[in-house]
Amino acid sequence: MRVAAPGTTRIGWIGTGVMGRSMCGHLMAKGYKATIYSRTRDKAADLVAKGAEWAASPREVAEKSDVVFSIVGFPADVREVILGPTGALAGAKPETVIVDMTTSEPSLAREIDAAAKAKGLFSLDAPVSGGDIGARNAALSIMVGGETAVVEAIRPLFECMGKSIIHQGPIGSGQHTKMVNQILIAGNMVGVCEALMYAFKAGLDVERVLQTVGGGAAGSWSLNNLGPRILKGDYEPGFFVEHFIKDMGIALAEAKAMGLVVPGLALAHQLYLAVQAQGLGRKGTQSLILALEHISGFKR
């Protein structure tokens, strides 16, 4: 396979939401010609203004691309934009690479790979971590599953979007690694929100508390990046609650299939369902603190 390069490799992009818009923008800034599709065309307007070509469907994106990226919401969306009748596989020519960067099911990644191989195509699963901040700063952690030769051929594209690009193993391994990531974040977010609620209730200077504990053993990405948003009352999404619930559901199902007991993950999942029940499903994961405060009858 030829190694991806600006001017010769045409990219396709499906999904220009909170993260996808920035990720595609980084590729375009490095000189890659892009054809894009999003269910909501307005979300792609700035990329079109910068020179991206709009396509009417994922199929049309693939027809004009050598490498097609997708980052959408749910496994059902992945299935539609890749495997559906107007999906990317329907329009891709032989040797096109299909790269799904959605957090999705390992089994779906394997299904896509089998369908791609049947048409003479290649596929990778490459979910990411880092949220809106990582996407904007081209500092994402990218977890890749698939064949080594394919990963290395498009590594230059990944390097436009992330700082950590690690090949985890065969197809589906990227999604499994992302489940590890989400399990870690789930428990940590509960701890972050409970700790900040305690600090508020104790009457502490919470900004000072963050400065104190953020650099020690208790420090974490969630504490240092989402903690300040909580202090400002900013619950806008770097990552949607409803998408996090989806991710935890996938992880719980995979853990069950492996015979694992994961009570911490199950508790976090239930707490985030409470967040969603309060009408906050389209807010950021830091809005967990609002549900915990509601349960405690506490108002800042």
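The values are calculated or read from the model by the stated rules, or taken from the named source; none is laboratory data. Just so it is clear, the structure is predicted and the values come from calculations on it, not from any experiment. Here Cβ is always computed from backbone atoms with ideal geometry, including for glycine, and neighbour counts include all displayed protein chains.
Quick look at the values:
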quantity	calculated
Boolean, ALA195 is more than 22 Å from the chain's Cα centre (by Cα) and under 19 Å from HIS294 (Cα atoms)	yes
Index of the failed condition, LEU140 passing every other in (1) buried (at least 23 other Cβ atoms within 10 Å of the Cβ); (2) in contact with a helix residue (DSSP H, G or I) (Cβ under 9 Å, 6 or more places away or on another chain); (3) closer than 18 Å to VAL78 by Cβ	(3)
Residues of the range 272-289 that turn out to be more than 21 Å from the chain's Cα centre (by Cα) and crowded, with 19+ Cβ neighbours inside 10 Å, as a count	1
Criterion: under 17 Å from ILE142 (Cβ atoms) and at pLDDT 95 or above - qualifying residue of GLY84, GLY31, GLY25	GLY25
Residue, surrounded by the fewest Cβ atoms within 10 Å (Cβ to Cβ), within the range 143-162, restricted to residues that are in contact with a Leu (Cβ under 6 Å, 6 or more places away or on another chain) and over 20 Å from LEU108 (Cβ atoms)	CYS160
Every residue from the range 54-95 that is more than 16 Å from the chain's Cα centre (by Cα), within 30 Å of MET248 (Cβ to Cβ) and of a type in the set (Asp, Glu)	GLU80
Qualifying residue in the range 251-261 (condition: closer than 20 Å to ARG282 by Cα and not polar (S, T, N, Q))	no
Test: residue in the range 142-152 that is among the polar types (S, T, N, Q) and either touching an Asp or Glu at 6+ places or on another chain (Cβ under 9 Å) or in contact (Cβ under 8 Å) with a residue 24 or more places away in the chain (or both)	no
Selection count where residues are farther than 15 Å from MET23 by Cβ, surrounded by fewer than 22 Cβ atoms within 10 Å (Cβ to Cβ) and not aliphatic (A, V, I, L, M), scope the range 36-62	10
Evaluation of ALA118 against (1) small (Gly, Ala, Ser); (2) surrounded by 23 or more Cβ atoms within 10 Å (Cβ to Cβ); (3) more than 16 Å from the chain's Cα centre (by Cα) (one fails), failing number	(2)
Index of the failed condition, VAL99 passing every other in (1) buried (at least 24 other Cβ atoms within 10 Å of the Cβ); (2) in a helix (DSSP H, G or I)	(2)
Filtered residues of the range 1-28 (kept if β-branched (Val, Ile, Thr) and over 16 Å from the mean Cα position of the chain (by Cα))	VAL3, THR8, THR9, ILE11
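For (1) surrounded by fewer than 19 Cβ atoms within 10 Å (Cβ to Cβ); (2) polar (S, T, N, Q); (3) not assigned by TED's automatic domain parsing to the domain that holds GLY249, each residue gets a yes or a no:
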{"residue": "SER164", "(1), (2), (3)": "yes, yes, yes"}
{"residue": "HIS167", "(1), (2), (3)": "no, no, yes"}
{"residue": "ILE183", "(1), (2), (3)": "no, no, no"}
{"residue": "ALA195", "(1), (2), (3)": "yes, no, no"}
{"residue": "GLU207", "(1), (2), (3)": "yes, no, no"}
